[in-house]
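Report on the structure given below.
The values are calculated or read from the model by the stated rules, or taken from the named source; none is laboratory data. If you're wondering where the values come from, they're calculated on a predicted model, not measured in any experiment. With ideal geometry, Cβ positions are generated from the backbone for all residues, glycine too; neighbour counts draw on all protein chains shown. Side chains are part of the model used for accessible areas, which takes the heavy atoms of the whole protein and leaves out ligands, DNA and RNA. Shrake-Rupley method; radii C 1.70, N 1.55, O 1.52, S 1.80 Å.
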Amino acid sequence: MVSVTSLWADERMYWPVHFEPYTPAHHFEQGKKDPEFRTKLGIAVGLVERAVAIGIPFRAVVADSFYGDDEGFKQGLRKLRVGYVLALKPSHSWWHWEGEVGSIRQVARGAGWKGAKSPGKWRRVERRFRDGHTEEWWALEVIEGPYGPERMHRAFVVSTDPEELPEIGTWYLATNLPSPGSERASEEDTLPAASLEEVVRLYGLRMWIEQKLVADEAQLGLEPVPGEVGHSDQAALAVGVLHLLVLLVQPEPLPRGWGAAFGRRTTGRADGTGPRDR
């Protein structure tokens with residue numbers, strides 16, 4: 001069984017919001033042309049639309065490169081006036097003249113990294129984890145092709161090692177959140193601005209959720225579906241259901257009684273680790 005799932009998350013907790021099963025095209029009489037058939041991407045936009053409709057407060061939608069490399073999914077979020085931070089594949093490219101830089105990996109390779117004392121265009125960022133420890137990462141804002149701090153779309157490369165760009169320790173990200181101080185950020189009807197550090201924080205929450213789900217499955221002794229799970233940029237497996245995670249990320253403490261949006265009222269536990277039913 002495959003389902004598309006939305007979860008709400010901040011640094012303290014994550015909370016399942018909605019899910020919808022995905023039915024492959026061959027189960028429909030007219031296949032992909034059948035009016036009842038819906039792609040995973042189409043279902044995902046619908047889940048975000050439902051979250052907006054019932055008033056769940058969230059900062060941005062965060063998801064992996066399955067969603068980030070699909071222009072239709074991003075257009076759907078923009079129509080909802082929703083912010084996003086989505087992963088891209090390292091091979092992500094754009095139209096360019098021969099001999100010009102045309103992919104996000106090429107931008108990273110040409111950013112002048114010569115070490116921590118001579119980082120070129122890379123900026124040092126501190127990534128803070130839920131257990132309180134921090135790590136030094138490096139981030140680069142892409143200013144090529146359709147991306148840049150004054151444009152509608154921004155892109156970043158975030159890595160533990162800008163020289164090697166290791167597969168597991170490197171993120172390629174796209175966002176529609178405006179850059180602080182830009183003309184877009186000054187517009188009254190635009191989304192709230194997000195600094196480079198904020199973009200890193202938002203996507204870091206998705207990595208925590210994935211790792212937490214994988215750890216939970218290991219404790220339950222569940223086995224992954226061959227060929228479906230294992231890469232750091234793919235989704236986690238739970239009880240035979242592949243969760244293609246659409247993460248709704250909240251930057252601020254929730255208002256009192258926020259659980260009503262999910263059909264219940266909640267309050268924090270005494271140890272501050274999360275909500276409980278009231």
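Things worth noting here:
- Highest average first, the peptides 128-136, 111-119, 144-152 ordered by how many other beta carbon atoms sit within 10 Å of their residues are 144-152, 111-119, 128-136.
- Full extension of the chain segment joining residue 160 with residue 81 gains 25.2 nm, where the gain is 0.36 nm per residue of separation less the Cα-Cα distance.
- Annotation: the antiparallel percentage among DSSP beta bridges lying fully within the stretch 1-129 is about 75.
- Spatially proximal lysines relative to residue 79 (Cα-Cα < 19 Å; intrachain offsets below 8 disregarded): 40
- Signed unit charges on C-beta, dipole axis of the stretch 59-111, positive-most listed residue 106, 92, 82: 82
- Among the GluC sites (Glu not before Pro) found in the stretch 1-55, those both in a DSSP coil and sparsely packed, with 16 or fewer other Cβ atoms within 10 Å of their Cβ, are 11, 29, 36.
- 1.4 Å probe accessible area per residue over the stretch 1-127, in Å²: 56 Å²
- Approximate spin-label separation residue 131-residue 27, in nm, with each point projected 7 Å along Cα-to-Cβ: 4.0 nm
- The separation of the stretch 82-126 from the stretch 1-61, counted between C-alpha centres, amounts to 30 Å.
- Estimated distance in nm for a label pair at residue 187 and residue 101, the labels positioned 7 Å out from Cα along Cα-to-Cβ: 2.5 nm
- Three-way shape call for the stretch 8-113 based on the alpha-carbon gyration tensor, with the a/c threshold at 1.5: oblate
- Extended-chain gain in nm, criterion 0.36 nm per residue less alpha-carbon gap, residue 118 and residue 12: 34.6 nm
- Hits among lysines - C-alpha to C-alpha of residue 114 under 26 Å, sequence gap 8 or more where chains match: 89
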